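The values are calculated or read from the model by the stated rules, or taken from the named source; none is laboratory data. Only a predicted model underlies this, so the values are computations on that prediction, with no experimental measurement involved. Backbone-built Cβ (ideal geometry, glycine too); neighbour counts: all protein chains shown. Just the protein is used for accessible areas: all its heavy atoms, side chains included, with ligands, DNA and RNA removed. Shrake-Rupley method; radii C 1.70, N 1.55, O 1.52, S 1.80 Å.
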Amino acid sequence: GIHVHSTPNCRLLMYTLHGNKILQAMLVLFLLYYNWIAGYFKTYRFEVITTKFYPLVILGLLLLELIITIHPAMRVKGHESGKYCDYTSSNEVNHLDQWFYTILLPYWFPVVFAVPPSIYMVLKYKEADFIEPRKTQVRLTLAIAAAFFLTYLLYYLLLLSRELEALTVSRTEWQHLLGQSVWYITQPMFALIGHAWHICVPALTLVLDKELNKHLPRKGEKKKEIKLDDQVNQVNGRVEEKDAEVDLENQQYNSSPATTVVCIG
């Protein structure tokens, strides 16, 4: 069927495009700041409280995403033809939304906020200040955060350079066409590289979590089922081996010179 660009569909699309990227960044920041606070206070009570209210934390993040993203989502509507979505605000407001919701909030603001907890945990990790299982949690959190910012780096650098170029450089029509061609080639490529973060999260968890590795199945390891008859045969075999060893020792003793001397005496 043909997708109709109605007003509810356009607003849901805008909310999803902006909201998912912002929610990913908020989850990474939550991991960093949770481990930072837990490592700083070194209290088990904080972890218990956070685990107990974890559903409320997730609900709070979703509510925060809704509050942040609902503003640009309400400024789009479906065109009368139903073929595309149309903005209801001016070009200046749309340009500000492009900066704020597409470039700054999903990546560059989280980069700035991620620096303090990351530096603190890296320094404490080098000083061996963490013990298990906190040490594994910190190592895994830093690896996931680094994977997020590194995989999306090229994509958001491209977006940032494109907006800065539009502000500072006056281009001819040919340069504009060439720039659009480069954009259409690199934008999906860098976006695909960014999506590799979703593969890095489970891969890093399997590699760095030693406790999880203990519960993973090992190739070639099969538990052998021993029946009752086999157990009895094994026990009887051991008894026969011991009896044979005793007989061999008696035979060696009887044939030794020491035995002859004792008998003569």
Where a residue in the range 23-48 is closer than 19 Å to residue 143 by Cβ and its partner, wherever it lies, is open to solvent by 30 Å² or more (accessible area, probe 1.4 Å) and of a type in the set (A, V, I, L, M, F, W, C), with Cβ under 6 Å and at least six apart: 29/113; 38/46
Restricting the range 173-198 to residues that are over 30 Å from residue 27 (Cα atoms) and open to solvent by less than 80 Å² (accessible area, probe 1.4 Å), which is modelled with the lowest pLDDT? 179
Would you say residue 203 is part of a helix (DSSP H, G or I), modelled with pLDDT of 75 or more and over 23 Å from residue 102 (Cβ atoms)? yes
Would you confirm whether any residue within the range 150-162 is touching a residue at least 24 places away in the same chain (Cβ under 8 Å), touching a Ser or Thr at 6+ places or on another chain (Cβ under 7 Å) and either under 21 Å from residue 35 (Cα atoms) or open to solvent by less than 70 Å² (accessible area, probe 1.4 Å) (or both)? yes
Among the listed residues 4, 28, 48, which satisfies the condition of being under 24 Å from the mean Cα position of the chain (by Cα) and surrounded by fewer than 16 Cβ atoms within 10 Å (Cβ to Cβ)? 48
Hits in the range 109-125 - residues which are among the aliphatic types (A, V, I, L, M), in contact with a helix residue (DSSP H, G or I) (Cβ under 8 Å, 6 or more places away or on another chain) and closer than 10 Å to residue 32 by Cα: 114, 121
Under 7 Å between Cβ atoms, which residue pairs at least 6 apart in sequence (or on different chains) link something in the range 115-144 that is open to solvent by less than 50 Å² (accessible area, probe 1.4 Å) and in a helix (DSSP H, G or I) with a partner that is at pLDDT below 90 and among the acidic types (Asp, Glu)? 136/209; 136/211; 140/209
Restricting attention to the range 31-43, the residues that are open to solvent by 30 Å² or more (accessible area, probe 1.4 Å) and touching a helix residue (DSSP H, G or I) at 6+ places or on another chain (Cβ under 9 Å) number exactly 7
If you go through the range 56-84 one residue at a time, how many are in contact (Cβ under 8 Å) with a residue 24 or more places away in the chain, aliphatic (A, V, I, L, M) and in a helix (DSSP H, G or I)? 8
Top-ranked residue of the range 85-109 - restricted to ones that are within 20 Å of residue 12 (Cα to Cα) and not in a helix (DSSP H, G or I), ranked as least open to solvent (accessible area, probe 1.4 Å): 89
